Amino acid sequence: MMQKIYRTAFLLLLLTFAKPFASVAQDASKYKCMIQMTNYMGEGAYVVISLINGKGAYEKTLYVMGSDKQWYKTIKEWNKFYLKKPNVSAVTGASISGGDRSVKVIEIEKSKINAGYKLRFESAVEDKQYHVKDLEIPLTTEALAAKSEGSGYIRYVRFSPN
């Protein structure tokens with residue numbers, strides 16, 4: 001009898017505390033992000049995808065393409081943010097070469113969409129030009145459904161729900 005009471009109490013506690021965690025998980029949407037690079041010559045590009053708030057400040061790193069931290073300093077503006085919060089929880093993958101295409105899955109909080117935020121794509125290539133805003137996309141439903149053209153090493157980016 002006592003075991004049933006404990007088991008019931010445990011299940012009630014579990015349900016009570018599990019619900020808030022479930023709502024947090026549902027508050028984010030996953031998107032496939034396809035990046036097509038231009039046909040530049042040189043080393044692989046380091047690309048960082050950041051969430052930028054309405055004041056133009058970095059809020060969160062969503063993805064880092066390039067795993068060798070010694071080169072993070074070449075992504076100058078993002079690196080200032082990174083040095084203040086070096087525990088980046090974003091997924092880190094390989095850099096991406098000229099002409100290549102890469103598909104990554106990023107997670108975006110639903111509350112940030114249509115709320116004045118932007119997605120910034122910064123890119124840098126060793127011994128070449130750095131692009132602080134290779135591409136900056138308003139974080140809107142319409143922009144996430146469209147093809148967006150880059151201005152540096154990125155030719156274009158497309159999103160699709162995952």
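The values are calculated or read from the model by the stated rules, or taken from the named source; none is laboratory data. Treat the numbers as computed from the prediction; the structure is a model and nothing was measured. Don't worry about glycine lacking a Cβ; one is built from the backbone with ideal geometry, like all the others, and counts go over all protein chains shown.
Being at pLDDT 60 or above and either farther than 15 Å from residue 120 by Cα or outside any helix (DSSP H, G or I) (or both), is that true of even one residue in the range 2-23?
First pass over the range 2-23, keeping only residues at pLDDT 60 or above: none.
No, the range 2-23 contains no residue that is at pLDDT 60 or above and either farther than 15 Å from residue 120 by Cα or outside any helix (DSSP H, G or I) (or both).
Only one entry in 35, 137, 49 is in contact with a helix residue (DSSP H, G or I) (Cβ under 6 Å, 6 or more places away or on another chain), at pLDDT 95 or above, within 23 Å of residue 158 (Cβ to Cβ) and buried (at least 16 other Cβ atoms within 10 Å of the Cβ), namely 137. Looking for something in contact with a helix residue (DSSP H, G or I) (Cβ under 7 Å, 6 or more places away or on another chain), under 16 Å from residue 129 (Cα atoms) and either in a helix (DSSP H, G or I) or modelled with pLDDT under 90 (or both) - is there at least one such residue anywhere in the range 87-103? Scanning the range 87-103 turns up no residue that is in contact with a helix residue (DSSP H, G or I) (Cβ under 7 Å, 6 or more places away or on another chain), under 16 Å from residue 129 (Cα atoms) and either in a helix (DSSP H, G or I) or modelled with pLDDT under 90 (or both). Being surrounded by fewer than 16 Cβ atoms within 10 Å (Cβ to Cβ), within 16 Å of residue 61 (Cβ to Cβ) and touching a residue at least 60 places away in the same chain (Cβ under 8 Å) is a condition met by no residue of the range 114-125. Being touching a strand residue (DSSP E or B) at 6+ places or on another chain (Cβ under 9 Å), of a type in the set (A, V, I, L, M) and surrounded by fewer than 17 Cβ atoms within 10 Å (Cβ to Cβ) is not true of residue 64.
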